[in-house]
Amino acid sequence: MRACVATTVHHPEDARIMHRQIRALLDAGHEVTYVAPFTHFNVTPAMELTAVDVAHLASPGRARAALRRGLRGADLLIVHDYRLLRTLPHRRPHVVWDVREQVSPRRLARAHRRHEVITPAEVPEATLVSPAPPAPGDTRVVHLGRLSVERGVMELIGLAERLVPHGIRLDLIGAAAPGVRPLLRDAQRVGLLDWYGHVPLRHALRMAEGALAGLSLADARVATPPTKILDYMGRGLPVITTPQGAATVEAAGCGLVVPLDVDAVLNAVLDLKEDPALRLKLGALGHVEARLHHHWPDHAAAFVQRAETWAARPTRAGHDGAAGWIPLPRHSRTPPGAGMATGRGG
């Protein structure tokens, strides 16, 4: 099977797309063409992929052109942003929309009539759970993932300054929105925090191990529970989250829920620093929950099997407007003319 996976919104190293779904397809022996904004995010695609570069939030015309290149010889198209469903080429294989955000029942029903749909309930968010992570320490806290205003970057910088007198360091591991990069550089320059930028997922997870807590400070503009919470749980870290992540944390009993306020977050960090037994308990509860329900290798085979089933179905007129789609024979397929070099992702 050759699958085309496409996004114009997400970072090309997005954990759900690249490190779970695409990796599962590659490990199962399938070919993958990845349409993503590599240049915008300064990412070199992995060698195993055929890469098609597309502008971040590309216009409909440019997105459609990129999809045409990516779909040459493809048996299946998986899109990760709804806007791409409006730019699909006329000739295409079966289309799968992986729902990443909260959508109205009406939009979901409309998509179901024309395409296959993956909901979070069907392919849940997951992580790579460490079998035996170290116990939480007491000298640093960590934030994984993209840094932006809506994900609490201003509060994180304010927190870092307040933590210094207590001997606690803030590690930020992830890419940042352009508007906040100068603020992060300035904070790092004066010694308030360590900002590592984008780090490949497996390395980032190892870097997080042993921290006092993992932070998730999303505001109300972040519509879905941050997946970084599962990453913290999988590494045995207590979680400190705003209400956006409350459901996950409260269900597992693995952390503290606080308002999006520097004083509240600081107090939660200090409470955990002063109570080693509590942070060990919270970290252990989260780790057990993650291993039982959110370990990606336990879900990968089912995802691949569904993709193979969809790809094998004959495309019919009226299903998604792609009547007459005939994948090229294996021996005649040529890589998409992406016009960019491929290399190991970094």
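So if I take the alpha carbon set of the stretch 166-210, get Rg, then get Rh from the Kirkwood formula, what is the Rg over Rh ratio? Could the numbers behind the result be given before it?
Numbers: Rg = 11.3 Å, Rh = 11.4 Å.
Dividing the radius of gyration by the Kirkwood radius yields 1.00.
Counting only the heavy atoms of the protein chains, how much of Arg146 is accessible to a 1.4 Å probe, in Å² to the nearest 10?
90 Å²
For the stretch 189-241, take the convex hull of the Cα atoms, compute a quarter of its surface area, and give me that in nm², please.
Working: hull surface 18.7 nm².
If I average the Cα hull's projected area over directions, I get 4.7 nm².
Cβ neighbours within 10 Å, averaged per peptide: list 74-80, 262-268 in order, most packed at the top. Present the calculation step by step, with values, prior to reporting the outcome.
On the way: 74-80: 25.0, 262-268: 18.4.
In decreasing order of mean packing, 74-80, 262-268 become 74-80, 262-268.
What translational D, rounded to a whole number of µm²/s, comes out for the stretch 171-284 from Stokes-Einstein when the hydrodynamic radius is the Kirkwood one over Cα pairs, at 25 °C and 0.890 mPa s? Mind showing how you got there, number by number?
On the way: Rh = 14.8 Å.
Stokes-Einstein gives a translational diffusion coefficient of 166 µm²/s.
Where nothing but the Cβ of Lys and Arg (+1) and of Asp and Glu (-1) is charged, how large is the charge dipole of the chain around its Cα centre, in debye to the nearest 20? Provide the component values of the computation, followed by the final result.
Working: 42 positive and 33 negative charges, 359 e Å.
Charge dipole of the chain: 1720 debye, to the nearest 20.
Would you kindly calculate the translational diffusion coefficient of the stretch 92-169, applying Stokes-Einstein with the Kirkwood radius from alpha carbon pairs, for 20 °C and a viscosity of 1.002 mPa s, and quote it in µm² s⁻¹ without decimals?
126 µm²/s
Counting only the backbone N, which residues of the stretch 174-192 are under 18 Å from the spot 7 Å out from the Cα of Met207 toward its beta-carbon?
Answer for this model: 174-178, 180-192.
Quick one: net charge of Val9's neighbours, Cβ under 11 Å, K/R +1, D/E -1? Walk me through the numbers on the way to the answer.
Working: positive: Arg83, Arg100; negative: Asp14, Asp81, Glu101.
Its environment carries a net charge of -1.
Count the net charge of all other residues whose Cβ sits under 15 Å from the Cβ of Leu270, scoring Lys and Arg as +1 and Asp and Glu as -1. Let's see the in-between values first.
On the way: positive: Arg140, Arg162, Arg169, Lys273, Arg279; negative: Asp138, Glu161, Asp261, Asp263, Asp271, Glu274, Asp275.
After counting each charged neighbour, the total is -2.
Add +1 for every Lys or Arg and -1 for every Asp or Glu among the other residues with Cβ under 10 Å from the Cβ of Gly137, and state the total.
Values: positive: Arg140, Lys273, Arg279; negative: Asp138, Glu209.
That sum, taken over residues with Cβ under 10 Å, equals +1.
Taking the dipole about the Cα centre of the chain, with the C-beta of Lys and Arg at +1 and of Asp and Glu at -1, give me whichever of Gly73, Gly167, Val180 is farthest to the positive side.
Gly73
When the Cα atoms of the stretch 213-256 are enclosed in a convex hull and the volume is divided per residue, what value in Å³ results? Intermediate values should be presented prior to the final figure.
On the way: hull volume 2.3 nm³, N = 44.
Spread over its residues, the Cα hull of the stretch 213-256 gives 53 Å³ apiece.
Kindly identify the stretch 36-78 as rounded, prolate or oblate by the Cα gyration tensor criterion: order the square roots of the eigenvalues as a ≥ b ≥ c, call it rounded if a/c is under 1.5, otherwise compare a/b with b/c, prolate if a/b is larger, else oblate.
Numbers: a/c = 2.53, a/b = 1.06, b/c = 2.40.
It comes out oblate by the Cα gyration axes.
Please give the Cα centre distance for the stretch 1-59 versus the stretch 193-217, rounded to the nearest Å.
Measuring centre to centre over Cα atoms gives 23 Å.
Considering the options Trp310, Leu201, His19, tell which one lies farthest towards the positive end of the dipole of the chain, charges being +1 on Lys and Arg and -1 on Asp and Glu at the Cβ, about the Cα centre.
Result: Trp310, furthest along the dipole toward the positive end.
Compactness ratio of the stretch 151-192: Cα Rg over 2.2 N^0.38 Å, N = residue count? Don't skip to the answer; put the middle values down first.
Working: Rg = 10.1 Å, N = 42, 2.2 N^0.38 = 9.1 Å.
Taking N as the residue count of the stretch 151-192, the ratio is 1.11.
The values are calculated or read from the model by the stated rules, or taken from the named source; none is laboratory data. For clarity, every value in this text was computed on a predicted model and none was experimentally measured. Glycine also receives a Cβ, built like all others from the backbone with ideal geometry; neighbour counts cover every protein chain displayed. Heads up: the accessible areas ignore ligands, DNA and RNA and are worked out on the full protein's heavy atoms, side chains in. Shrake-Rupley method; radii C 1.70, N 1.55, O 1.52, S 1.80 Å.
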